[in-house]
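Down below is the structure, laid out as structure tokens.
The values are calculated or read from the model by the stated rules, or taken from the named source; none is laboratory data. Remember, it's a predicted structure, so these values are computed and weren't measured experimentally. Here Cβ is always computed from backbone atoms with ideal geometry, including for glycine, and neighbour counts include all displayed protein chains. The accessibility values were calculated without ligands, DNA or RNA, using every heavy atom of the protein model including side chains. Shrake-Rupley method; radii C 1.70, N 1.55, O 1.52, S 1.80 Å.
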Amino acid sequence: MVYELKLAGKIAVFFALWIPFAAALLHTFRKTDWVRPLFWVSGVLFVFFFATRAYHKSFFPFTDKVESFTTFSALMLVLGYLYLQKLGRKEFFIFVLLASLFGTVCFVFDDPLKYPTPYLLTIWYPLHVPLSFLAYAFWFVAGVASFSVLIFKKDPTLAGHDKSFLVRSNRHGFNAFTFSMIFGGIWGYLAWGAYFLWDPKLLWSVILWLYYGNLLHIDNLPRLRKWREPLYLVGIVLILITFIGTGFFTRSIHKF
Amino acid sequence: MIGDQTLGFLFSLFCVINLALGSLVMNMNPKVYPPFFMLDFALFFDPPKTVHFWFYLLLFSFFLLGINTLACSLESLLAAIEAKSISKKRLAGLLFHLGLLLALLAHLHEGIQGEHQRYYLTDKFTEIKGIGKARLVGLETLHHPDGSKKDSLAQVEFMVGENQSQTQILSYNNPALFSFGTKELSLLHAATRPAGIILKDSTTQQRFEIAPKSSIQIGQGTLTLYGIMTQGVRVPFGYFLWRTKQGQTEKRLLALDHSMKPYDRLELGDKVLFFDKMKDEPFLAAQYRYNPSLWIMVVAVLATLAGSLFLFRKKRRDNFSALNETR
């Protein structure tokens, strides 16, 4: 029964990740009526996947790398759905493709279902982790929009690429990340007496917070405004280092 | 000039680059930088080393950022006082900057004054600097259905102040707090460990208990237990030294497993001792942390939270429902 449920969850998440990609393809060919219903189907499949994981672990389902990547993908797809009319067809396609690829990585990893370690069994963990992924997702929106301006030479004054769209995406991401860091700090203080350690994941979280907090000011600085889109694009690299780099290539206690 | 936003932007970018550089240096020097170490500045100044150059630079770059942020914030505050009004956006910015400044101050204070120390608690009192004495009086381990550890509940008796006894339960994410939370003892690891071996005389059935690093007189000699090995071996064993009255010494290994006959016995002259059982004792690895700037950080967090709330604007065009504009 355990194996069958795990397999069912894996099949569900596979379709949950790639149905939105099909929807994005349809959207590219202007068959927009299908996009939202397909996203809803994907959402139901995601809920089933997370429910099977939560059932197996008797805890919130973001405690291993499979769940981490899938949660991030799911949140990116939620934003894709919400920003459907704000993003151009190319940006929407790229954004959804990235989301699907991130989640599909979970099929590469070995996936033994284990109960969470004692340190993870606290309310601060499910408060902290999804908010950080939500922040990454908002910043990815800003990054993809900036990519479109730089590579596709989109007119940045068009709706969806103007200052307010980028600022709002960043602001939402920054807010989410601020809360995430606060909850993570409380958890760290209770777990081992420190809200900050010289740990790669924590260090890079501070880097992200400072970087994107800084970017909130760029539109007030005429001499630096031309760097806005390139800096949002660099932000994507910083997110990848924080999320993936520290999880795989460092001695972090947050190692996957 | 100090208080200039462009300068502040550049200082902040400089801090970001500095932190990234520090991360790289720390990852490349694992022998210098232990995993999981606290904010205490002692590591970087006792003694100062060239490899810590990024940290010395970081102190300087955060100092510049802090001064510039303070100047900007004061300018903004003075403008608001003069205008006798302040927009939500400006108020949010002010609160965030206040939170950042207080956080920088808290980290600096914690780095200079903070302390941490690891302790191993058993059923005997251990002196814990800053708290008093503590000992482990009970340990319960909770397990998941697959046998993996779910939690450890360690009952710890503290003697604080003038021999005032108090008992607290420590578990993962549930530390013992003192001095309004500025002093904390948190559970890192709790388990049982071998505390001795009980041997039984095959003839008289007499039992002998021997602890690590101690000796007992057996017949015509002295038996010393050097250590008990349980981790990383297929069969746990005890490592002994047998010294006869004639001055001969021999090393002996004893399998601590009844199924490992005949290796579960020691032949000591005319006596034969069998392994009877192992004696375990609960122990607790705990982390003591003193953070005098905790309440500064709490105020910083509250200011930041307040700033976040003001960043959620109520304007209709900021809501998701308004995103359904066609392009």
Residues of segment A:235-254 that turn out to be closer than 25 Å to A:ALA142 by Cβ and touching a residue at least 12 places away in the same chain (Cβ under 8 Å), as a count: 11
Qualifying position, being open to solvent by less than 50 Å² (accessible area, probe 1.4 Å), of a type in the set (Ser, Thr, Tyr) and touching a Gly at 6+ places or on another chain (Cβ under 6 Å), among A:THR52, A:THR63, A:THR32: A:THR52
Residue in segment B:134-143 that is within 30 Å of A:THR117 (Cα to Cα), within 14 Å of another protein chain (Cβ to nearest Cβ) and polar (S, T, N, Q) present: yes
Those residues of segment A:244-256 which are buried (at least 22 other Cβ atoms within 10 Å of the Cβ) and assigned to a helix (DSSP H, G or I), in sequence order: A:THR246
Any hit, segment A:89-109, residues being in a helix (DSSP H, G or I), of a type in the set (Ser, Thr, Tyr), open to solvent by 10 Å² or more (accessible area, probe 1.4 Å) and within 10 Å of chain B (Cβ to nearest Cβ): no
Yes/no for B:PHE9 being in a helix (DSSP H, G or I) and closer than 27 Å to B:ARG289 by Cα: no
Segment B:1-23, subset at the interface with another protein chain (Cβ under 10 Å from one of its Cβ atoms) and modelled with pLDDT under 90, residue most open to solvent (accessible area, probe 1.4 Å): B:GLN5
Verdict on A:LEU190 being open to solvent by 40 Å² or more (accessible area, probe 1.4 Å), over 18 Å from A:TYR83 (Cβ atoms) and either at the interface with chain B (Cβ under 10 Å from one of its Cβ atoms) or not basic (Lys, Arg) (or both): yes
Top-ranked residue of segment B:24-50 - restricted to ones that are over 19 Å from B:GLU110 (Cα atoms), assigned to a loop (DSSP other than H, G, I, E, B) and in contact (Cβ under 8 Å) with a residue 12 or more places away in the chain, ranked as farthest from the other protein chains (Cβ to nearest Cβ): B:LYS49
Of the criteria (1) surrounded by fewer than 17 Cβ atoms within 10 Å (Cβ to Cβ); (2) in contact (Cβ under 8 Å) with a residue 12 or more places away in the chain; (3) more than 26 Å from B:ASN291 (Cβ to Cβ), which one B:LEU57 fails: (3)
Selected residue (only one of A:LEU221, A:LEU197, A:LEU231, A:LEU238 is open to solvent by 10 Å² or more (accessible area, probe 1.4 Å) and over 17 Å from the mean Cα position of the chain (by Cα)): A:LEU231
Condition broken by B:LYS129, with the remaining ones in (1) surrounded by 14 or more Cβ atoms within 10 Å (Cβ to Cβ); (2) farther than 15 Å from B:ALA190 by Cβ; (3) more than 13 Å from chain A (Cβ to nearest Cβ); (4) under 18 Å from the mean Cα position of the chain (by Cα) satisfied: (1)
Lone unmet requirement of (1) under 22 Å from A:ALA191 (Cβ atoms); (2) more than 14 Å from chain A (Cβ to nearest Cβ); (3) not β-branched (Val, Ile, Thr) for B:GLN205: (1)
